[in-house]
1. What share of Cα pairs, in percent, lie more than 27 angstrom apart in the chain?
2. Arrange the peptides 83-94, 104-115 so that the one whose residues have, on average, the most other Cβ atoms within 10 Å appears first.
3. Taking the range 63-117 on its own, what percent of its Cα-Cα pair distances exceed 18 Å?
4. From the phi of every residue in the range 104-120, what ³J(HN,Hα) in whole Hz does the Karplus formula 6.51 cos²θ - 1.76 cosθ + 1.60 yield, where θ is phi - 60° and glycine or proline is x?
5. Ignoring ligands, DNA and RNA, please state the percent of accessible area on the chain from carbon and sulfur, probe 1.4 Å.
6. Please work out the average accessible area per residue across the range 68-137, using the 1.4 Å probe convention, and give it in Å².
7. Leaving out same-chain residues fewer than 8 places away, which lysines sit with a Cα under 19 Å from that of Lys141?
8. What share of the DSSP beta bridges in the range 37-131 is antiparallel, in percent to the nearest 5?
Amino acid sequence: MKKIAVVYWSGTGNTEKMAEAVFKGAESAGAEASLFNVNDFSADMADNFDVIAFGCPSMGAEVLEEAEFEPVYSACRDKLTGKTVGLFGSYGWGDGEWMRNWEEDVLQAGASVPHGYLIINETPDDAGLETCKNYGINLVK
């Protein structure tokens, strides 16, 4: 059984909804799934998981949230080598540049992002939440 951590930061609740759906999908696929607000996760915990799904919305000029999320992600970065990683988040403007840049950084850290990233514009609707759930399922297959 794979162990997955779903680690997220959410300003408006949109990425939190996505995280909950990714978590539910992984859990429904039989994984030992844990859901963490980024404030409850640390780099020391990364070694306990086979898969880490990080969720962060686009902020500012299409960057990761800088005060809470980015420091935790940066601390985890060196522990991603050889891991399967998922990336997801919501956005309200732009074209997904923050996610493309983030995926490139994760790949440079030596992780695998086998299912690409998942972005949803604004609040995820039922179809979007189903997509998130399926993303979680695929991450632990």
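1. On the way: 870 of 9870 pairs.
Tail fraction, whole percent: 9.
2. Put in order of decreasing packing, that is 83-94, 104-115.
3. Values: 450 of 1485 pairs.
Looking at the range 63-117, the distances longer than 18 Å represent 30 percent of pairs.
4. So the J values, rounded to whole Hz, are 4, 5, 5, 5, 5, 6, x, 8, 9, 10, x, 10, x, 10, 10, 10, 10.
5. Numbers: 2860 of 6390 Å².
Of the solvent-accessible surface of the chain, carbon and sulfur hold 45 percent.
6. 47
7. Leaving aside lysines fewer than 8 places away in the same chain, those within reach of Lys141 are Lys2, Lys3, Lys24, Lys83, Lys133.
8. Of all bridge pairs located within the range 37-131, approximately 10 percent are antiparallel.
The values are calculated or read from the model by the stated rules, or taken from the named source; none is laboratory data. Because the structure is predicted, anything quoted here is derived from the model rather than measured. With ideal geometry, Cβ positions are generated from the backbone for all residues, glycine too; neighbour counts draw on all protein chains shown. Only protein heavy atoms, including side chains, enter the accessible area calculation; ligands, DNA and RNA are left aside. Shrake-Rupley method; radii C 1.70, N 1.55, O 1.52, S 1.80 Å.
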